[in-house]
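Below: the structure, in structure tokens.
The values are calculated or read from the model by the stated rules, or taken from the named source; none is laboratory data. As the structure is a prediction and not an experimental result, all values here were calculated from the model. Neighbour counts are summed over all protein chains in view; Cβ atoms, including those assigned to glycine, are modelled from backbone coordinates with ideal geometry.
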Amino acid sequence: MTTAGALDDCLQRLRHTDGVLVQVAETRGSAPREAGTWMVVWPDALSATIGGGQLEFQATADARALLAGHAGGPRHGELRRYPLGPSLGQCCGGMVFLRYERIGAADAPALRERLQARLTPLALFGGGHVGHALVRVLATLPYAVRWIDSRDEVFPASLPAQVHTEFSDPVHTAVHDLTPGSRVLIMSFSHAEDLDIVIACLERLRERDDLPYIGLIGSKTKWATFRHRLSARGFSEAEQARITCPIGIPGITGKEPEVIAVATAAQLLLMAPPGPGATPQALPQTARSAVDCAG
């Protein structure tokens, strides 16, 4: 189940039944997942995963013991230690500390806010075909997506819990209020809007330098034109180098929106992976990008 699907599933189930939130509080040594990873255990189902095979099997049993009030089960809020060795039949050799919390319908708003706070902010400018495809891909990844367009009618009626739409006209004004650390993807319906958004991002970098990745859809020809215009506005070569264009993993050449979306998401994960304080990493341009000549 995807990140978004798990959160949506969790919130839906909480309307009708209680569950147990199981969260990795701490790890030592080699462990299947990092601190903060979560799952919710229901009487007959799971939302999300903490990984680890036998570890998750044991944690599920312990959570259901809490739900049922069985003796020996964890208490609400209890932290339990799980050595990943012979007792669990795993070879990781590390140790995982899990916290158990019983949750019900009244906890849904706080739970949603709490779990979404772990997601990395991402601003997507553009509600075209590639934008729609990207939202579907990004919803499976640990991003909180702020989807922005100057056309309010382009957004679908139903969205994953971690995707929020925003109408902004002029669209570039939304850049000022982006969450610090936001990854930015630019693919509006017009080159003029794209340029305005790029300029707004570069101006913000001058002021705060808190946007670790800025990707612009387009061909090398489009970017050459933009570079000329940016130079005329006083932006240096070093500043312009903060923009990734074309976007997409080199070597993936398909032009279908879904192909572009996957290639772009993969590049994003490599250059500015989810999490605070990411520093953009350069990718070798050894082959044509998926969207060279697109946009």
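Which members of region 108-154 meet the condition of being in contact with a Gly (Cβ under 7 Å, 6 or more places away or on another chain) and more than 19 Å from residue 264 (Cβ to Cβ)? Hits for region 108-154 are 118, 151. Within the option set 235, 226, being in a loop (DSSP other than H, G, I, E, B), at pLDDT 95 or above, over 26 Å from the mean Cα position of the chain (by Cα) and of a type in the set (A, V, I, L, M, F, W, C) holds for one residue only, 235. I want to confirm something. Restricting to region 238-267 and keeping residues that are within 21 Å of the chain's Cα centre (by Cα), free of Cβ contacts under 8 Å to residues at least 60 places away in the same chain and in a helix (DSSP H, G or I), which single residue is nearest to residue 200 (Cα to Cα)? Out of the qualifying residues, it is 267. Taking first residues from region 78-101 that are surrounded by 13 or more Cβ atoms within 10 Å (Cβ to Cβ) and partners that are modelled with pLDDT under 75 and not in a loop (DSSP other than H, G, I, E, B), the Cβ contacts under 7 Å between residues at least 6 apart in sequence or on separate chains come to 82/88. Residues that are touching a Ser or Thr at 6+ places or on another chain (Cβ under 8 Å) and modelled with pLDDT of 90 or more within region 105-126 comprise 121, 122, 123, 125, 126, listed in sequence order.
Say whether the condition of being touching a residue at least 60 places away in the same chain (Cβ under 8 Å) and either farther than 22 Å from residue 267 by Cα or in the same structural domain as residue 242 (by TED's automatic domain parsing) (or both) is met by at least one residue in region 166-178. Looking for residues that are touching a residue at least 60 places away in the same chain (Cβ under 8 Å) and either farther than 22 Å from residue 267 by Cα or in the same structural domain as residue 242 (by TED's automatic domain parsing) (or both), one finds none in region 166-178, hence no.
Residues in region 202-238 that are of a type outside the set (A, V, I, L, M, F, W, C) and surrounded by 16 or more Cβ atoms within 10 Å (Cβ to Cβ): 203, 204, 212, 213, 215, 218, 219, 222, 227. The single residue among 190, 150 that is over 20 Å from residue 243 (Cβ atoms) and either of a type in the set (Asp, Glu) or free of Cβ contacts under 8 Å to residues at least 60 places away in the same chain (or both) turns out to be 150.
Within region 64-77, the residues that satisfy the criterion of being part of a loop (DSSP other than H, G, I, E, B) and surrounded by fewer than 20 Cβ atoms within 10 Å (Cβ to Cβ) are 69, 70, 71, 72, 73, 75, 76, 77. When the residues of region 47-63 are filtered to those that are modelled with pLDDT of 95 or more and in contact with a strand residue (DSSP E or B) (Cβ under 6 Å, 6 or more places away or on another chain), which remaining residue is surrounded by the most Cβ atoms within 10 Å (Cβ to Cβ)? Filtering first and then ranking leaves 63.
Residue count for region 92-127 under the criterion of being of a type outside the set (Phe, Trp, Tyr), in contact with a helix residue (DSSP H, G or I) (Cβ under 8 Å, 6 or more places away or on another chain) and farther than 30 Å from residue 193 by Cα: the result is 11.
Entry remark, region 162-183: residues being buried (at least 21 other Cβ atoms within 10 Å of the Cβ), in contact with a Gly (Cβ under 9 Å, 6 or more places away or on another chain) and under 25 Å from residue 5 (Cα atoms) number 1 in total.
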